[in-house]
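Note sheet for the following structure.
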Amino acid sequence: MPAARLLALFLLVASPAAHALTLANARWQVDIDPATLAVTATTRDGVDTVISSATARDTILDLVQTPVSAQWQRGGATTIHATLEQDALQLRFERSSAGVVTWPTLPTGAGALLLPLHEGYYIPAGDTAWRDELLSAYGEVNTTEDLTLPVIGLAWPDRVLSILFATPFNNTVRFSADGATLALTAEHDFHPLNQTDPYVVIINLDAPDWLAPAKRYRQWLQAQGGFIALKDKLARVPDGDKLIGASHLYLWGDRVLAEQDVRDWRQLKALLPHAWVGKDKEAREAVTAPHSGPYVQQVLVSAINAALAEQFPGETADALQQRRHALDATLGKALQPEAARGDTASPRMIHALRAAGLPRLWLGLPDWTAAWASPGAVDTAIQAGYLVAPYDSYDTALPDGNDNPAWLSAQLGQDAFERCGIMKPDGQRIKGFQGSGVYTNAACVRPLMERRVRALRADTPYNSWFLDVAATGMLFDDSDPAKPTSQAQDAANRSAALAWLADSEKLVVGSEVGAAAVNRHVAFAHGAQTAGFGWGDPQMRRERASPYYLGAWAPEHQPAFFFKQSQLKPRYQQLYFNPARRLPLLQAAFHDSVISTHHWTLDSLKFRESRSTTELLQQLYNVPPLLNLSVDTATRRIAYLRHLDAFFRPLHEALFDQALVDFRWRDTAGQVQQTTFADGSVIVANFSNQPQQVDAHTLRPHSATARLADGRTFTFTSPTSP
């Protein structure tokens, strides 16, 4: 049958309601009520899908329509363009004045919500725990920071509705209860800083593929020229290939003296000047103690480091060097040779990592002072083939004379505090992280970033850089008349700063989360795989006696918040660590563009109850392990990492440039899951505590098997410790 006749027949069979305008092609028909913005799609086989429920009726002017497009004015201030092109419906909203556009309003009735919160979640309609969590803990989300991809999916057994916010900025998605299920409403805020930019939403009806929304975003981004392959990012920098197959470690501690540095405790006590411990009763008692057990050692080391810091104050390279010299001159005879000393970021630790059979690592220093406390560590790490980066950030500026001098990254000076803060429309500055200082405009602090990065690199040869917050998708409208900036321009400014680190400084660049709006120049990102939750839960955040308490931010060289293995509430385990609720949406869009892993506050060992699930998810998605490391925890954590790394590294070396193209359950309960990559490689994980049969193969409990396209096979089983 000729195509024109087929289209005519399709239009005749699926005639629109009298109040609606109709767009149709050979693939589907869309009925739109221009007055209420209600939209319904009908496929060729007669299946109806409500794309948006009706909003309040408004007046319509200047309606112009063709078979596949329409344009009209609604309410006098909003112009709407609707276009049907092949399998995509696009609605474009423009406004002549400030105001809010509400669209789409997603009705209930779908079988599941596909939500790129963190890495991604599959949330069935009947999951009341997730319904309550979205209502209470979130309530509303934006499409740049809260969602790592600007998409939402609704799934039925026979189809998926993919909603892509092609304008990701200034959008709010609100959740509301509708009986046992959820309704969602999207709003876009037009205001003086963004009023000339349209609000564009693209709708697709897809086959029943839970990854469809992420794949649609990837295709759209590629068509816009915004997708940069990881192999191209890494080719831009000299040490880029060192990131391939690398596990990630944060090395904690910048003490000039650690317990392991002491060769003879009796001699150290004899040499220790009274003035160094005179103000510390515990230290004086430790000096005279008849033994030198762990407690005595900790007290003495803490007192010595405090005394040196008091003598040579400041967190500068010169101050750290003076402390080291004073330590050696005073107590050197009781210590190990200087080359064998140091906290976690030391040549000694680098040699231990290399000797453990870990040839590829990304090493992060929580503060750049660690490199000054142990000179030679960064050089040693680079010679070992590792990437080394300091933690850095420019998103909060504190005033001069503030009471938090240890927050080094926020010491941006009084001028930055007064001039670079984000201004609200009422003229007030937005307070910075945890209410301190002010959040900053990325373009305003850019010169400070360039000066600091170059100064730190002149002293220490870092080959990587971690710029915190920049890629979280936390974006601001800055109403300051001296530097007016929209969220879209803020995103561009942040991306430009990240690009400068890679292109001008030739660094392997990473940031937090790696959200889609700001990850173009990021090679790796920490935070999407396992991210924060329970922010309002006092047992996790404040009640120190609770088994669920995450831990204090002390001691500085090994903060309990990062190293304490906390108990996980069953509620959060069911919500965030239930494999049947996890979905690799971010990976489906960016596996071969951005290496994504855990947040440093929630590494692979943070919760014993979820450890196996965390391990298997990272292996199934082919993302790196991430661990915090200290001198005291090194022995058992390095052994643990070796086990994870042995499976991850060869797989990532084969798959880092391959898209994740398919995800499916291999059972009915989501306890056996499979990912497939563009070259045909397959990884299957068994999250259950029973053996499972898959394709004539037996998967052991809590294990994963990979069959690469080149024929190699790898097996991983979650270890029983630590």
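The values are calculated or read from the model by the stated rules, or taken from the named source; none is laboratory data. Keep in mind that what you see is a predicted model, and the values were worked out from it rather than measured. So basically every Cβ, Gly included, is an ideal-geometry build from the backbone, and we count neighbours across all protein chains shown. Protein only, heavy atoms only, side chains kept; ligands, DNA and RNA dropped before computing areas. Shrake-Rupley method; radii C 1.70, N 1.55, O 1.52, S 1.80 Å.
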Sorted by chain and number, the residues with a modelled amide H under 5 Å from that of Arg582, at a separation of 5 or more or across chains, are Tyr122
In the stretch 66-174, taking the dipole from +1 charges on Lys and Arg beta carbons and -1 charges on Asp and Glu beta carbons about the Cα centre, the listed residue (Gly120, Trp156, Thr108) farthest towards the positive end is Thr108
Note on the chain: contact order normalised by length, alpha-carbon pairs under 8 Å, 6 or more apart, percent, works out to 11 percent
Binned at 10 Å starting from 0, the alpha-carbon pair-distance distribution of the chain in whole percents comes out as 3, 13, 22, 24, 18, 11, 5, 2, 1, 0, 0
Non-local residues with an amide H under 5 Å from the amide H of Gly437, with H modelled 1.01 Å from N and Pro and chain starts lacking one, are Gly432
Going residue by residue through the stretch 588-595, the Karplus relation 6.51 cos²θ - 1.76 cosθ + 1.60 with θ = phi - 60° gives ³J(HN,Hα) values, rounded to whole Hz and with x marking Gly or Pro, of 5, 8, 9, 4, 9, 10, 9, 7
By accessible area (1.4 Å), largest first, Val509, Val47 order as Val47, Val509
Filtered hits (lysines, Cα-Cα < 19 Å from Lys231, offset >= 8 within chain) -> Lys242, Lys506
Measure of exposure for Asp189: accessible area at 1.4 Å probe, Å² rounded to 10, is 70 Å²
Here, Asp426 and Gln267, labelled 7 Å along Cα→Cβ, have an inter-label distance in nm of 6.6 nm
Here the percent of antiparallel bridges among DSSP beta bridges lying wholly in the chain, to the nearest 5, is 80 percent
Here FRET efficiency (C-beta to C-beta, Ala183 to Glu450, R₀ 51 Å, nearest 0.05) is 0.60
Burial-style ranking of 463-471, 220-228, 306-314, 638-646, average other-beta-carbon count within 10 Å with highest first, yields 463-471, 638-646, 306-314, 220-228
Label model pair Arg642, Ala235: point-to-point distance (7 angstrom along the Cα→beta-carbon line) in nm is 3.7 nm
The size of the Cβ-based charge dipole (Lys, Arg +1; Asp, Glu -1) of the stretch 88-231 about the Cα centre, to the nearest 20 debye, is 480 debye
Note to self: C-alpha centroids of the stretch 216-284 and the stretch 668-722 sit apart, in Å, by 32 Å
Residue span Gln311 to Arg457: 0.36 nm per residue of separation minus Cα-Cα distance leaves a gain in nm of 49.9 nm
Between Ser176 and Arg608, the FRET efficiency computed from the C-beta separation at R0 = 35 Å comes out, to the nearest 0.05, as 0.45
In the chain, helical segments from DSSP H whose Cα atoms cover 20 Å or more along their own axis and that average at least -1.0 on the Kyte-Doolittle scale are 294-311, 317-331, 442-459, 487-503, 634-655
1/(1 + (r/R0)^6) with r = Cβ-Cβ of Glu145 and Gln434, R0 = 22 Å, i.e. FRET efficiency to nearest 0.05, evaluates to 0.85
Taking a straight Cα-to-Cα line shorter than 28 Å from Lys483, and setting aside same-chain lysines fewer than 8 residues away, one finds Lys424, Lys431
Judged on accessible area alone, 1.4 Å probe, highest first, Ser486, Ser96 line up as Ser96, Ser486
Mean Cβ-within-10 Å packing, highest first, puts peptides 285-297, 68-80 in the order 68-80, 285-297
Here, Arg712 and Ala560, labelled 7 Å along Cα→Cβ, have an inter-label distance in nm of 4.3 nm
Counting only residues 5 or more apart in sequence or on a different chain, those whose built amide H sits under 5 Å from that of Ser688 are His702
The farthest towards the positive end of the charge dipole of the stretch 644-709, of the residues Ile683, Thr705, Val672, given +1 on Cβ of Lys and Arg and -1 on Cβ of Asp and Glu, is Val672
Largest-first ranking of Lys279, Lys606, Lys215 by accessible area, probe 1.4 Å, whole protein assembly kept, is Lys279, Lys215, Lys606
Quick calc, the stretch 439-526, dipole around Cα centre from Cβ unit charges on Lys, Arg (+) and Asp, Glu (-), nearest 20 debye, gives 280 debye
For the chain, the accessible surface attributable to carbon and sulfur atoms (probe 1.4 angstrom, ligands and nucleic acids excluded) amounts in percent to 52 percent
Given unit charges at Cβ for Lys, Arg (+) and Asp, Glu (-), the dipole magnitude of the chain about its Cα centre in debye, nearest 20, is 1460 debye
Summing -39500 (n - 2.57) over every DSSP H run of at least 4 in the chain, dividing by its residue total and rounding to the nearest 500, the 222 nm mean residue ellipticity is -8000 deg cm²/dmol
Given a 1.4 Å probe, the accessible area of the chain per residue, as a whole number of Å², is 39 Å²
Inter-part gap, Cα centre of the stretch 314-341 to Cα centre of the stretch 448-507, in whole angstrom, is 34 Å
Dividing the mean separation of Cα pairs under 8 Å (6+ apart) by the residue count of the stretch 392-513 yields a relative contact order in percent of 26 percent
